[in-house]
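The values are calculated or read from the model by the stated rules, or taken from the named source; none is laboratory data. Please read all numbers here as calculations on a predicted model, not as lab measurements. Ideal geometry is used to build each Cβ from the backbone, glycine not excepted, and the neighbour counts take in all protein chains shown. For the accessible areas, the whole protein counts, side chains as well, though only heavy atoms, and no ligand, DNA or RNA atoms are used. Shrake-Rupley method; radii C 1.70, N 1.55, O 1.52, S 1.80 Å.
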Amino acid sequence: RPDAPFTFVHDGVESAVRQAKAAGNGNVGVSGPNIAQQCLNAGLLDEVRIDLVPVLFGRGIRYFENITNPAARLSQRLVVKGEGVTHLVYTVTYDH
């Protein structure tokens with residue numbers, strides 16, 4: 001539908017981020033470890049936010065397991081301890 005509030009992108013994460021930036025104010029949020037890993041590997045993230053909750057699901061995707069970009073560096077910017085959750089914010093830079 002032309003009036004749908006989303007767009008399906010079939011030609012890669014780089015294209016999806018580029019289209020999202022063009023459609024809005026230039027800021028793009030991604031969700032989930034698979035997409036975040038693709039963006040880190042492509043050098044597209046400048047910040048990572050994680051809300052850490054101590055719940056064991058038994059399975060899942062490890063957030064940083066498939067990072068293949070050796071230039072990606074995380075610098076811890078903020079830690080906020082809450083009740084039952086810890087909020088972590090990292091700045092991402094890329095060594096070139």
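Overview of values
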{"read-out": "Which numbered condition Gln76 fails, given (1) in contact with a Leu (Cβ under 9 Å, 6 or more places away or on another chain); (2) surrounded by 12 or more Cβ atoms within 10 Å (Cβ to Cβ)", "value": "(2)"}
{"read-out": "Selection from region 14-42 of residues that are outside any loop (DSSP other than H, G, I, E, B), under 18 Å from Phe64 (Cβ atoms) and of a type in the set (S, T, N, Q)", "value": "Asn34, Gln37, Gln38, Asn41"}
{"read-out": "Contacts under 6 angstrom Cβ, first residue in region 59-71 being small (Gly, Ala, Ser), partner modelled with pLDDT of 90 or more and part of a loop (DSSP other than H, G, I, E, B), 6 or more apart", "value": "Ala71/Asp95"}
{"read-out": "Any chance Asp11 is open to solvent by 40 Å² or more (accessible area, probe 1.4 Å), at pLDDT 95 or above and not in a strand (DSSP E or B)", "value": "yes"}
{"read-out": "Qualifying positions in region 51-96 - among the basic types (Lys, Arg) and assigned to a loop (DSSP other than H, G, I, E, B)", "value": "Arg59, Arg62"}
{"read-out": "Leading residue by the ranking (least open to solvent (accessible area, probe 1.4 Å)) among those in region 43-53 that are of a type outside the set (Lys, Arg) and closer than 24 Å to Pro70 by Cα", "value": "Val48"}
